[in-house]
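Report on one structure; see the data block that follows.
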Amino acid sequence: MSKVLAPQSQAMPSQFAQTAAPESAPTRSALGTPVPGAFVPGEQIRVEPMRDAHGAEVLAIYQAGIADGNATFETTAPSWPEFSVARLAEHRFVALSGDMVVGWVAVSAYSSRCVYAGVVEHSVYVHPAARGQGVGRRLLDALIASTEAAGIWTIQSGIFPENTASIALHTAAGFRVVGTRERIARQHGRWRDILLMERRSPVL
């Protein structure tokens, strides 16, 4: 995404959540590369920590979300080293169906200032063929558990208002809309808004 920059003391969300699309959504990325694997509906989903071995599938799912147009201002997925260094290793997970990655969630630090040490920004993406199967909720639940255990009190993300499935998912997981960033940046020449959603831990 073309990142919208802000001072570190008041950083704005740089990752935009992507969680759902119609069942018929294409399974090819914007670069024409197929999203790896063939999801089998009904197969048991397990959530595990994200590892380097998952990198290719994670980035392919990211690119598929970018291609949908309602996930992020980014235009192409980063390299795996770029992706990995920008996200906190202890709070990133993949959802697996068999050996296939069908979704991922990860966080970045909100700010380098110590006063914001308990605030993170997150992204959650689901394989086009696996949307509507509860994968996004499983990933968010894992993220909430890991961040609360680490003393992180707020998880936030910016979501396009048109991404109604993502808004519904986050609302169900305890997030709330705290504001709208109107006409915050252009995407393909068009000004777009984002909703800022956050979950404040009730136990910290």
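The values are calculated or read from the model by the stated rules, or taken from the named source; none is laboratory data. What you see is a predicted model; the values in this text were computed from it and never measured. Don't worry about glycine lacking a Cβ; one is built from the backbone with ideal geometry, like all the others, and counts go over all protein chains shown. The accessibility values were calculated without ligands, DNA or RNA, using every heavy atom of the protein model including side chains. Shrake-Rupley method; radii C 1.70, N 1.55, O 1.52, S 1.80 Å.
In the condition set (1) open to solvent by 30 Å² or more (accessible area, probe 1.4 Å); (2) in contact with a strand residue (DSSP E or B) (Cβ under 9 Å, 6 or more places away or on another chain), residue 173 is compliant with all but (1). Here residue 146 passes the criteria (1) open to solvent by less than 50 Å² (accessible area, probe 1.4 Å); (2) farther than 20 Å from residue 169 by Cβ except the one numbered (2). Would you check if residue 183 is in contact with a strand residue (DSSP E or B) (Cβ under 6 Å, 6 or more places away or on another chain), open to solvent by 40 Å² or more (accessible area, probe 1.4 Å) and closer than 19 Å to residue 50 by Cα? Taking the combined requirement at face value, the residue does not satisfy it. Close contacts from the range 73-95, counting a first residue that is within 26 Å of residue 181 (Cα to Cα) and a second that is open to solvent by 50 Å² or more (accessible area, probe 1.4 Å) and assigned to a loop (DSSP other than H, G, I, E, B), with Cβ to Cβ under 6 Å and a gap of 6+ residues or different chains, come to 73/2. Does residue 93 count as of a type in the set (Phe, Trp, Tyr), more than 23 Å from residue 44 (Cα to Cα) and not in a loop (DSSP other than H, G, I, E, B)? Here the answer is no, as residue 93 does not meet what is asked.
Of all residues in the range 99-134, those being surrounded by 24 or more Cβ atoms within 10 Å (Cβ to Cβ) and hydroxyl-bearing (Ser, Thr, Tyr) number 2.
Considering the range 98-204, the qualifying strands (runs of 3 or more DSSP E), each wholly inside and each with 2 or more residues that are touching an Asp or Glu at 6+ places or on another chain (Cβ under 7 Å), touching a residue at least 12 places away in the same chain (Cβ under 8 Å) and under 21 Å from residue 72 (Cβ atoms), run over 100-109, 154-159, 176-187. Return the residues of the range 84-98 that are among the aliphatic types (A, V, I, L, M) and open to solvent by 20 Å² or more (accessible area, probe 1.4 Å); say none if nothing qualifies. Of everything in the range 84-98, those that are among the aliphatic types (A, V, I, L, M) and open to solvent by 20 Å² or more (accessible area, probe 1.4 Å) turn out to be 85, 86, 88, 89. Checked against the criterion of being at pLDDT 50 or above and among the charged types (D, E, K, R), the range 67-80 contains one or more residues that satisfy it. Across the range 42-59, the number of residues qualifying as aliphatic (A, V, I, L, M) and under 15 Å from residue 131 (Cβ atoms) comes to 1.
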